[in-house]
1. Could you give me the radius of gyration and the Dmax of region 11-71, taking only the C-alpha atoms into account and expressing both in angstrom?
2. What is the order of 23, 57, 35, fewest Cβ neighbours within 10 Å to most?
3. Provide the gained length on full extension for the span residue 25 to residue 38, in nm with one decimal, where the gain is 0.36 nm per separating residue minus the Cα-Cα distance.
């Protein structure tokens, strides 16, 4: 008989329409905001602009989901934390007097 392991962290990898839950929520917020924008500023160019904006946002979010390294610029924390002075300037001579 097979034994199946319980997977408790299923929400971490949940995907809706190809987007993680947080990015899907961002997309839905943009859709609702654009619907409000269309309702209050009704014109054909606004409708076309909203469709283009939402399409570009969806394509961009799915692109970032597939390649998460695009948003990773550098490490946040250094590998070692030290109190050592970074400057090569010497403010005291060997006798302890200021120069």
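1. Spelled out, the Cα radius of gyration and Dmax of region 11-71 are 13.4, 40 Å.
2. Numbers: 23 20, 57 16, 35 12.
With the sparsest Cβ surroundings first, the list reads 35, 57, 23.
3. Working: separation 13, 0.36 × 13 = 4.68 nm, distance 1.99 nm.
Gain on extension, residue 25 to residue 38, equals 2.7 nm.
Where a number appears in this text, it was derived from the coordinates with a stated rule and is not lab data. Computed from a prediction, not measured in an experiment: that's the story for all the values here. We place every Cβ from the backbone using ideal geometry, glycine too, and count neighbours over all the protein chains shown.
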